[in-house]
Amino acid sequence: MGPGKALLILGLLCMLGKCVSACDLGYTSKGTGCVDSDECEELPEPCGKDAKCINTNGSFYCNCLHGYINVKGLVDFKMTEGQCQDYNECTNEVSICGQGGNCSNQIGSYNCTCHFGYTKNRDQGPCIDINECTEAENKKENLCGIKGTCKNVNGSYLCKCPKGYTNYGNERTPCSKLDCDNASSGPAPALGGLADILFMMRNSCLALSDPSVAGEGKAAGEALLEKLFTATEAILSPGHLNSSDDVSGLLSTVEKAIQLIGPQLKDSHTKIETTETDTEITVQRGKTPPTGSIHLTTENATLHTDWTTAAGTGSYPGFAMAALLSYKNLETSVNRSFEELTEFKKNGVDPSFKISSKVVSVVVSNPSTGNLSHPVKITLRHLEERDKSHEVSYICAYWTERGSWSTDGCDQQDLNETHTECTCNHLSSFAVLMALHPMEHTFGLQVVTKVGLTISLLCLILSILTFKFCRSIQGTRTTIHLHLCICLFMADLIFLAGISQTKPVGGCRFVAAMLHFFFLGVFTWMLLEGVQLYRMVVLVFNATIRPLHLYITGYGTPLVIVIISAIIRPKGYGTDQHCWLSLEDGLIWSFFGPVCLVIILNVFFFIVTVWKLAQKFTSLNPDLSKLHKIKAFTVTAIAQMCILGLMWVFGSFMFGEGTIVVAYIFTILNSLQGALVFIMHCLLSKQVREEYTHFLSCICTPQKKRYSDFSSTNPSSSQTQGSRSGQHTGESQI
């Protein structure tokens, strides 16, 4: 109520005769006196909602609430609505939250958000630094490791490492002990380039262990990786990894180098590819061990694991690392050392093995990878697509420190014909091996082999005796057939007795060399037969070849090939399954190469021979008897070449990855060789049949009758014998 209105009311009361004593403005009459009126309680919101009412004797005044400001500057009786407005503390007071916080204004207030390493000292106070070193000491924690020294700084802390320890340049990482001698240890650096890697690793380790240069002068992790794989390329070039020890030394050295370089990488994810390697590395840093899954991929492999496996359960150094390294051409150098894979025997016979994927290495920062709590999964792509069968299976193996392949602790799951998933409870270098199991029905195959080769040997003995003692057919072609049969007889005899005698190794290599020599001899004499047919058709006179030249060519050529092959690839003779040439290092072409050359040349000679024969058959006065003989010789030679060539087409598959059907076909064709030679060159020859008949008649006819036959002077008989001698002489010329 205003003072004017109060005076008006008092005036009206006096006019009515009820005049009372008047109190001053802001007072109320009470009894015979006046008392102060509390306007803050009597009046509704006398100052508005953003101001506070303060009562005084006879009056009151208004003050803006905390966080508000009087924008009109009036301090009289009552403020108007909107006179108090929000006060922006963040703008008007710059350091209200301190250097470690961010201010956010609110209506009538504000809020401070503290940075990492800072905290509020009260509800609305500025952010103050947290002394992590003191807090860790109070909690009896080694924030910087056992040997590290903690130094507090605004908003953080620093770990100072003494010499011999390092935090890899990460200031808030505990100090880890470095053993530079162990980091650069390994097999003797016999490989060219391995010494360079070991030297680089030692220098990098020493730089990290020196506190004066650990944080400033250390080489970047990416640069170290490039140097590592550049040095590795020279070692991985063909011909350098000649032993299992060389392979073990390389794998161990590269793994240790990645463990040293990984924590120095700036990025959390790194991929690097060279002509020999393909690598993907992931790193996590922090005060607590990371969690979650890890998925790394290269062109030929994929790794599935988790950060718990990568970091381990021991002392956490402030970082964790996982790397997948794929070697692009190493499989050719480790395609051996399968002696520990004895659990895959079937019927007491070891299968043959070959590398069926790229070799990959899995490297983690966890120092204890011998028995992982969570197995890792590695998916490897096959080098070639091939369905699993009774004869073929895929197994997961790892390279041991002993320099051999083993499957302990690894299981496999065949995803499809192109990929196999390996699950292992330890880490190393892995690969998928293709196991070629011995073919089934081995007993039946052995029976066919022994019976067939026995028949072949008997037929070859009869052929050798025939060519040696049958006078009516002596000549250049007979000499060629004789030595072809001798070589084939020796090859079949050694094949029957020693093809499966793989122990001892020296004896197996000798058997393989002898088979190489005599089978090459068979094809060399077959080539000489083609040359002789060519000379018989093309040359009218002097078509024969001197025996000395035949012997030098027929036995000297195979001997030279075998000697050169043994010098170049001495370990290529004899395999774990057969005493024959190895299919892995290219030595087999020292046999198949000459065989293909012989077949090509003989095809040329036979084409020319048939063409010349066709020309002579169309001439006016052909010598039909001689031409028919040459024609018969050519047909038998072509049939002989087809059987021998076809046999070794199947033989190449049998000694490689052949099936049971291929093995039976090869065995049957091998058994037919001796019988084929005997039938074509002996039984189908009229002169030989007459000799056989005469020989049998001499045995079966009584002595007296034989004497009368020999003493007979029948002119016609003499004439017949003379005519026969003339025929024999004529054929011997051929």
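Let's see how each residue does on (1) buried (at least 22 other Cβ atoms within 10 Å of the Cβ); (2) in a helix (DSSP H, G or I); (3) among the basic types (Lys, Arg); (4) not assigned by TED's automatic domain parsing to the domain that holds Glu340:
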{"site": "Phe519", "(1), (2), (3), (4)": "yes, yes, no, yes"}
{"site": "Val531", "(1), (2), (3), (4)": "no, yes, no, yes"}
{"site": "Ile545", "(1), (2), (3), (4)": "no, no, no, yes"}
{"site": "Leu548", "(1), (2), (3), (4)": "no, yes, no, yes"}
{"site": "Val560", "(1), (2), (3), (4)": "no, yes, no, yes"}
{"site": "Glu584", "(1), (2), (3), (4)": "no, no, no, yes"}
{"site": "Leu587", "(1), (2), (3), (4)": "no, no, no, yes"}
For the range 25-41, which residues satisfy the criterion of being closer than 27 Å to Lys52 by Cα and either under 60 Å from the mean Cα position of the chain (by Cα) or not in a strand (DSSP E or B) (or both)? Leu25, Gly26, Ser37, Asp38, Glu39, Cys40, Glu41
Going by what's in this entry, would Phe489 be described as at pLDDT 90 or above and of a type in the set (Phe, Trp, Tyr)? yes
Just name the residue that is surrounded by the most Cβ atoms within 10 Å (Cβ to Cβ) out of those in the range 298-332 that are of a type in the set (S, T, N, Q) and under 12 Å from the mean Cα position of the chain (by Cα). Ser326
From the list His483, His516, exactly one residue is more than 38 Å from the chain's Cα centre (by Cα) and under 28 Å from Thr466 (Cα atoms). Which is it? His483
Lone qualifier among Thr667, Thr575 - being modelled with pLDDT of 65 or more, in a helix (DSSP H, G or I) and either out of contact with any Asp or Glu (no Cβ under 7 Å at 6 or more places or on another chain) or more than 26 Å from Leu436 (Cβ to Cβ) (or both): Thr667
So, first residue charged (D, E, K, R) in the range 482-508, second residue part of a helix (DSSP H, G or I) and modelled with pLDDT of 85 or more, Cβ within less than 9 Å, six or more apart or across chains; the pairs are Asp492/Ser456; Asp492/Leu457; Asp492/Leu460; Asp492/Phe518
For the range 307-336 the number of residues that are touching a residue at least 60 places away in the same chain (Cβ under 8 Å) and either touching a His at 6+ places or on another chain (Cβ under 6 Å) or hydrophobic (A, V, I, L, M, F, W, C) (or both) is 7
Complete set of residues in the range 133-169 that are out of contact with any helix residue (DSSP H, G or I) (no Cβ under 6 Å at 6 or more places or on another chain) and aliphatic (A, V, I, L, M): Ala136, Ile146, Val153, Leu158
Do we find a residue being assigned to a helix (DSSP H, G or I) and not small (Gly, Ala, Ser) anywhere in the range 497-504? no
So which residues in the range 672-700 are among the hydroxyl-bearing types (Ser, Thr, Tyr) and either over 23 Å from Gly475 (Cβ atoms) or not in a helix (DSSP H, G or I) (or both)? Ser685, Ser697
Count of the range 131-178 residues which are part of a helix (DSSP H, G or I), of a type in the set (S, T, N, Q) and under 23 Å from Gly100 (Cα atoms): 1
Residue, modelled with the lowest pLDDT, within the range 164-214, restricted to residues that are closer than 23 Å to Lys266 by Cα and among the charged types (D, E, K, R): Asp210
Within the range 59-71, restricting to residues that are modelled with pLDDT of 80 or more and not in a strand (DSSP E or B), the one that is farthest from the chain's Cα centre (by Cα) is Leu65
From Ile480, Ile499, Ile494, grab the single residue that is of a type in the set (Val, Ile, Thr), within 18 Å of Tyr573 (Cβ to Cβ) and out of contact with any Cys (no Cβ under 6 Å at 6 or more places or on another chain). Ile494
Among the listed residues Leu458, Leu453, Leu465, Leu482, which satisfies the condition of being in contact with a helix residue (DSSP H, G or I) (Cβ under 6 Å, 6 or more places away or on another chain), within 26 Å of Leu696 (Cα to Cα) and in a helix (DSSP H, G or I)? Leu482
Of the numbered conditions (1) in contact with an Asp or Glu (Cβ under 8 Å, 6 or more places away or on another chain); (2) closer than 23 Å to Lys450 by Cβ; (3) buried (at least 22 other Cβ atoms within 10 Å of the Cβ), His481 satisfies every one except a single condition; which is it? (2)
From Ser104, Ser95, grab the single residue that is on the phi < 0 side of the Ramachandran plot and in a strand (DSSP E or B). Ser104
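The values are calculated or read from the model by the stated rules, or taken from the named source; none is laboratory data. Quick caveat, the model's predicted, so the values are computed rather than measured. We place every Cβ from the backbone using ideal geometry, glycine too, and count neighbours over all the protein chains shown.
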